[in-house]
Each structure stands twice: as C-alpha cells, then as structure tokens.
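Asks: What follows is a single structure, and I will ask about it in a moment.
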Amino acid sequence: MFKNYLKTSWRSLSKNKGFFTLNILGLTIGITSSILLLSYVSFQHSYDNFHANKENIYRVDLSLYQNNNLVVNSAENYSALAPALKTDFPEVADAARLYNMGYKNNCVFTYQKRYFKETKFLFADASFLNMFSFPFIEGNPKTALTQPFTAVISKSFSQKFFGNENPIGKLIQMDDDDRNSELYKITGEFKDVPENSHIKFNVLVSYTTLYHRKGGIARYENSWNRKDFYTYILLRPGTDVNSLASKFPLFINKHIPDEKDNHTESKLALLPLEKIHLESNLNDEPEISGNGKAIFFLLLIAVFIITIAWVNCINLSTAASVNRAKEIGIRKVLGSSSRQLVNQFLTESLIVNSISIIIALILVSILQPILKSYFAIDFNFTGLFTNIYGLGFLFFLCLGTFFSGLYPAFVLSSFKPTKVLKGKISTSKGGLILRRFLVTFQFSLSIFLIIGTFIVYQQVHYMLNQNLGIKVSQVLVMNRPGHWDNSDSINGMHVQEFKDVLKNNPAIESVAMSNSIPGKEIRSQLDYRKKDKPDENTIAINTMGIDDDYFKVLGMTILAGRSFSKQFATDENGLILTLSAAQEMGYKNPQDAIGKQLLQKDVDYTIVGITNDFHQQSLDKKAEPIIFQFNGNDYEADEYYLVKLKTASVHQAIVRVQDVWTNTFKGNPFSFFFLDEYFNQQYKNEIQFGALFGFFSLIAIIIACIGLIALVAFMIKQRTKEIGVRKVLGASIQDVIVLLIKGFIKLILLANLIAYPLSWLLMNNWLKDFAYRISLSWYVFVLSSLVALFIAFATIALQAIKAAIANPVKSLRTE
C-alpha cells in the first residue's frame, strides 16, 4: 500500500513542477540553515563534555569584598585552597590547581638550536590529569606529573620541537621573563586539546616544580594571599552541591581568620565544568568565554527559519488545493476513503521533506568549509545528532514534516465529489484566513529578524567606534624578552638601547613600556588611602606601572599636573590618577589632587598628575578608576613594549623593529601584535554573533519571499478572468498592481505590530549585558518596517506586473 502511495505521490508532484520546486527550494534552504546554526549552537554547548567525570567536576571561583564593595571577581583562587578543600570536606574526592604561566609570563622553550615562544603553558597538580580526560599518546597520565621538573606536551608541540622522534625522556629548556631558567624532562605526550575545551594548553609542568622557585612552598602551597591559581575539585557522586557551598563561609573564617580585621571578605562559588564556557565571564578567565544569551538567540533564529519554511509548505499546499479538486473528486467516486487520501497527501509531504533533508545535508557538507572561513567559526555537525540539540532537531523535523502535511491533507480530503466534479469548488473562507494568518506569522518573524539585525549591527558598530579615551591605532606591541642575561646592568642596557634606537628612527613616533596594555585586565589592585584618613577608608584601585612615554604613545591628556619624568627622582614615589580615580579618592577637581599624598602599605606616594579616563577593557565592562605608578629604570617591571608608528609603510617599520629586536635581545623569538586588533578581540563573540544574525536573517527573509512569490502566482492564476475583465473595462496596469498588492500590504502592516513588542523585549534583554549600550530608537523599528514593506512590494510587484501586462483576450479565452 505504501509503495502505491509513493508512486502516486511522485506522479502528482511531477505534474505540479512549479509548486514542487518552490516547496523543495524553501525547505532545503530552511533545513540547511537550521542545521548549520544548530551545529554551531551544539558545538558551543559541547564544551568540556568529553571528560568522563564532567558531571562531578567544579571550578572554585573567588569574589573578594573590601568594605562591602566587590573588588575581585575572579576565576582564580588561593594556592592553599585546593589541598584545604580536600582535607576539610569528605565530599571532595580530589582537587587540582593550575598556574597559568603562559598568561602571566613570557616563556621561551629551547631544544638544541630551536627556540619558540609558548603562551599555552601551565603548571598542574599531578591529580589534574586524573580528574580530566585528556587522551595520552605516550606516557602514563597518573604518574607523568608526580615529580618536579617533569612535563607533558601536546602532539603539535612535540612535532614542532622533535619532529617524528619520540619525545619521552628528552630534556627541554624553559626561560621566562622572571629570570627562571629550568630544564624539564618530557614524561608524556597527549593529543592536542580539543577546540571545545574551556582551557587549552600545549605544555603542562608538574606543580611541585614551583616549590623550587622563589617563595617555595609558602607561596605556592600554603598561601592565602596570592590569588592566581585555578582550582578544580572532583565531588563524590551524589554530593549536595548547595549544601557543600553553604559550608564555605565557616571554612574561610577558619583559614583566613584576620579578614574582618582587614575589612575584607572572601566568598567562594562552585561553577559546574560544563557551564564555564557559556555562563562564566569573570576576570582571569583562561580563554575568551562564550555568550550564552547570544547562543540562545541563534537557536531561536534556527527555529524561526525552519518554521518559516514549513509555513511556506502549508501555504503552498492549501493554495494549490483548488487545482487538485477534480483529482480528489474522481478518487472519492472510485472509492477512496478520506483516510486513504490523508495518507496519500502525508506521503507527498514526507517525499518533499525527505528530498529537502537529503539535499540540505549535501549542502551543509559543501558550505561548511566556506562558512568556516568567512565567519571564523567551526560549523561542525558530525556530532550534532548525538546530543540533545541534534536529537531535539530530529524530533522537531519529524513533527514539522507531519504537521506541514497534516492540515493540507485534511483540507484536500474534505472536498465533496459532487461539487468538485461540477466545478463548484472554490477556496474556503477558512483556508483564506489560514493563509493570511500564515503570511502574517512569516513576516512577523522576518521583521523581528530585520529589527534584530539593525540593533546588533548598531551595538557592535558602537563598541568598535566608541571613543576609548586612548588612541590604539598603529601601535605595535611586543612582550618583553623571555630569555634574560644574568647581569642586571646588561639587561637594563639592552632595554634602554632598544628604546633609544627605535625612537631615533623617523618611521617611529614614540616608544613606551608598561606592565599592562589596553584590552588586558589589570592584575594588580592595591589599597590606597589619604594620609590623614584611618585604615577603614582604604580603597582598592587597579594599578599599572608605566614609563614616561606611555601617555604619549596612547595619546592621553594630562588634565592637571604633569606626566612622569626621569628628571624628577621623586617620581619613583609619584602617582598619576585617572579622573575617576581622583574622584574615588575624594578629590572633586583634578587640580585639588596635585601634590596630595596617598598611603599604600605605609609608603608615601605623591600625586603628580591627573589624566583623562579611558577604557582599559571592552565596553561590555564598566570603565574603572586606574592609578599609574612610575617604573622608572625598573626594566623588569615592564612586561610590554609599545611602539607608535607614524608611517604609511607599516611593513618596513615592522622589519626595522624586528632588526633592532634581533640584534638587541639575542636568543628571543620576535613576535608582535597591533594594539587595536588585540583590543577588538574582546568583541569576537559580538562580531561573530552580528555576522551570523544578519546572514541567517537574510536567509529567513529569502524563504519568506519564496513562499510569497508562489502564493501571489497562485492568486493571480485564480483571478485571471477577473483581471482580464477589469482590463477590458478600462483598468490600467497600475490599478491591477494595486488590486493584487493591497491585501498583502495590510497583512505585513499587521505583522509589524506583532513584531515590535517581541523585538523590543528580546533585543532589550540582549543589550542589558553591556555596560555601554545603544538605546532602542523608534526609527530602527520604522526603518525595519519600510525594509519589510519594500521586500514584500518588490516580490509581489514582479508577479503582479506580469499579470497586468498580459493580453486580456487570452485571459478571457481560457474561460
């Protein structure tokens, strides 16, 4: 029986090639787009789910309050925390720390005559490899990091240094900019860390190696002061996480009893491993976090697109019902039951959807590398159908296929044979209302996507073009050398030589040095108070170390006082405050602060200048007060070298900088980045989201237009005689176009009224995540309406003009 349905369905679809082709086209585009979007959404939600213990691993985050004000909200924690949690709580089966050396220092690895800079470099407790499931190629993960001065490396790192040789047992030298020089024995090789890991590394060194450094066990094992260690715990199955977290305040009081005396308070929070990527956006994150809200919006768009495609399918099928009336009448006269007819039309829907799915899967495999290159996003759908999103999509696809064929099937099977064979069948009022509702629904979603595209574009453009208070263009940045000489005087001479030689080059405007740069969170928060105020008036403020050319390179303005200068020996204890920092310390006017003294750990500092506020980080974070200290001749305090170029020939300037670097800092690889590009990396998620939102919104509108074209063509076919009569009676082409368009224009205007509140609610919710944001302007909604009207008008007009210019004699002759 089913075989007969298939044959009959294929024969029927072949006779109606136009509607069949449009149905296939709309569904194929919709399913292809939905699979691509869901692949990306699925990938974002797949972070860290490859670990066997994923459900029981948590990261311990830290919030630090001073005088009841939040001053630290970090993914990092105390070095003593991990062993203390394991000792104090039986619920904690294991604990591990990571020290992000590559983030904090410039590390150069050397093997024989090859040397490379490495930023994906961590110190790890031996338990880390037991808790997590990073696949090993060589070595034993249970013992690989138990001994000091041992390391495990990734496959790509191994190939870079050792080629195809087995790296196990080989020794590799590590030098960093804190003048640590250590020799590590390779004890393991692991597969490259998957892209969907919230923390990525090429080198792991045993944590016990840190005990042999300055500070030793006191700093790296027992410290409740240094807050720069990631802490992960493995809970025993069945642990009540909320109950465990409720014990943390007493735990902190036990281990840091003097917090109240210092007017501080540490609060710990447990974050599930699988939620870190999309739900955590703290300071000191090891990688740029995802945006859970943006991912949800993309999921919505995927649903909207496939829904619009199915709406097209229903619309076209019901619209075409009149053309198949005689077929249905004959079938009923010959004994076909309504149930058989329903099954027949459901089979047709299954064929159309199945063909569309097959073509869509082929298109996805073809478009994947193209879109990956264009959007810089991995649309990997190979694992899509093994997780909740893929299974949900398959269920949704089956449900949509069924319902997109169900209503047309009931409509078609309900025709009375006595009427249709006499030619008395006409479009029912119910069918007309349904088609109008579906068109309105389609364009409501389309208008929402147009409004959303405008708003996302405006917000991204606003962030990328906002006045930062600094000038970051044509600023070349290099990390300080990782490999130093043993002599302080020689190192200082090299740094000064590097700066002086570059400053004398006509292609270079200025050279500066600092311990942080815009786009990077400031790791140092120091406590300041006015000299005449008691301890409880201490304020924690972000503090940067800079040289005397820093403000010149970044184009900052001195509002009062002066900049730092080596001519003034007292500047070693001098401070320059941003305007908001001065106000935070209680100075209403910039001039009032000049010459005043602040205490920091009982050291007197004198305020020598006030500078303008600026954005140290992206505009989704509020600009914070900053205090600058003068590094002077302390070359080891400067982590970054900033070179301001003043030439159009950027390439030649870079070559010159490289030559000076190579000659000055021998044994150090030359690497650089541009400050504006580095700063804008913070907007990576927003830029990608905007590009995806706009691209797939356009796809949704195209699908809606495909349905509209078919619907208008059908309507024109049904009104061929009417149009012919009107033309004979003197109607102009314009009159005919208006006749055909006005009904649809009303529906699209109604769609606007539905789309407006939906757009305002959802987009306003998205904008709430930004500290600096655009306001939702009325003209965006009006402009979106005009765009939707124009698209609809153009789509309908093309079909209407054809009907309007047709010969009325031919139209009437068909009757």
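The values are calculated or read from the model by the stated rules, or taken from the named source; none is laboratory data. Predicted model, so just to flag it, every value in this text is computed and none were measured. So basically every Cβ, Gly included, is an ideal-geometry build from the backbone, and we count neighbours across all protein chains shown. Accessible surface areas use protein heavy atoms only, side chains included; no ligands, DNA or RNA. Shrake-Rupley method; radii C 1.70, N 1.55, O 1.52, S 1.80 Å.
Asks: Could you calculate the FRET efficiency of Asn537 with Gln173 from 1/(1 + (r/R0)^6), where r is the beta carbon distance between them and R0 is 45 Å, rounded to 0.05?
Replies: Working: r = 49 Å, r/R0 = 1.09.
Approximately 0.35, to the nearest 0.05.
Asks: Let me ask another. Please compute one quarter of the surface area of the Cα convex hull for the range 549-701 and express it in square nanometres.
Replies: Averaged projected hull area, Cα only: 14.3 nm².
Asks: Ok, one more. Could you work out the pair-distance distribution P(r) of the range 26-65 from its alpha-carbon pairs, with 10 angstrom bin width and percents rounded to whole numbers?
Replies: Final binned percentages: 22, 27, 24, 17, 8, 1.
Asks: Here is a further query. Compute and list, largest first, the equivalent-ellipsoid semi-axes of the chain from the alpha carbon gyration tensor, each √(5λ) rounded to a whole angstrom.
Replies: 64, 32, 26
Asks: Another question about this same structure. So, with +1 on the Cβ of K and R and -1 on the Cβ of D and E, and no other charges, what is the size of the charge dipole of the range 82-195 about its Cα centre, to the nearest 20 debye?
Replies: With Lys and Arg at +1 and Asp and Glu at -1, about 360 debye.
Asks: Here's something else I'd like to know. Taking just the alpha carbons, could you work out the radius of gyration and Dmax for the range 567-649, both in angstroms?
Replies: Rg, Dmax (Cα atoms, Å): 15.1, 50.
Asks: Can I ask one more? Strictly greater than 13 Å: what percent of every Cα pair in the range 462-527 meets that?
Replies: The share of Cα pairs beyond 13 Å in the range 462-527 comes to 76 percent.
Asks: Is there a quick way to get the dipole size of the range 507-550? I mean about its Cα centre, with the Cβ of Lys and Arg at +1 and of Asp and Glu at -1; what is the value in debye to the nearest 20? Mind dumping the intermediate values first?
Replies: Values: 6 positive and 9 negative charges, 44 e Å.
Magnitude of the dipole: close to 220 debye.
Asks: Tell me the net charge near Ile470. Cut-off is 12 Å between Cβ atoms, Ile470 excluded, with +1 for each Lys or Arg and -1 for each Asp or Glu.
Replies: Overall, the nearby charge balance is +1.
Asks: May I pose another question? In angstroms, what radius of gyration and Dmax does the range 177-322 have, counting Cα atoms only?
Replies: According to the Cα coordinates of the range 177-322, Rg and Dmax are 24.9, 87 Å.
Asks: Suppose all protein chains stay in the model; what accessible area per residue would a 1.4 Å probe give for the chain, in Å²? Walk me through the intermediate numbers first.
Replies: Working: 36650 Å² over 815 residues.
I get 45 Å² per residue for the chain.
Asks: Compare the Cα positions of Leu350, Tyr457, Asn180 along the charge dipole of the chain (+1 at Cβ of Lys, Arg; -1 at Cβ of Asp, Glu; about the Cα centre) and return the one farthest towards the positive end.
Replies: Of the candidates, Leu350 comes out farthest on the positive side.
Asks: Top to bottom by accessible area (1.4 Å), largest first, where do Thr239, Thr347, Thr662 land?
Replies: Thr662, Thr239, Thr347
Asks: Let me ask you something else. Loop-only check: which trypsin sites (Lys or Arg not before Pro) in the range 77-119 are DSSP coil with at most 11 other Cβ within 10 angstrom?
Replies: When the trypsin sites (Lys or Arg not before Pro) of the range 77-119 are filtered for loop state and at most 11 Cβ neighbours within 10 Å, Lys113 remain.
Asks: So if I take the alpha carbon set of the range 63-116, get Rg, then get Rh from the Kirkwood formula, what is the Rg over Rh ratio?
Replies: 1.19
Asks: I'd like the projected area of the range 151-205, averaged over all directions, using the convex hull of its alpha carbons. Report it in nm² with one decimal.
Replies: 4.2
Asks: Report the charge-dipole magnitude of the chain in Debye, nearest 20, computed about the Cα centre from +1 at each Lys and Arg Cβ and -1 at each Asp and Glu Cβ.
Replies: 6300
Asks: Note down the nm distance, to one decimal, between modelled labels 7 Å out along Cα→Cβ at Glu91 and at Lys372.
Replies: For the pair Glu91/Lys372, the computed spacing is 4.2 nm.
Asks: Please report the carbon-and-sulfur percent of the accessible area for the chain; probe 1.4 Å, protein heavy atoms only, DNA, RNA and ligands left out.
Replies: 56
Asks: Subtract the Cα-Cα distance of Asn486 and Asn73 from 0.36 nm times their separation in residues, and report this length gain in nm to one decimal.
Replies: Taking 0.36 nm per residue and subtracting the Cα distance, the gain is 144.9 nm.
Asks: Further question on the same structure: Anything in the chain that counts as a DSSP H helix reaching 18 Å or more along its axis (C-alpha) with Kyte-Doolittle mean of at least 0.5? List them, would you?
Replies: Helices meeting the span and hydropathy rule in the chain are 17-45, 292-319, 338-375, 388-413, 429-465, 684-718, 733-767, 778-805.
Asks: Let me ask another. Would you kindly compute the Cα radius of gyration of the range 454-609 and its largest Cα-Cα separation (Dmax), both in Å?
Replies: 18.4, 58
Asks: Something else about it: How many nm separate the modelled label positions at Tyr457 and Arg236, each set 7 Å beyond the Cα in the direction of the Cβ?
Replies: 5.9
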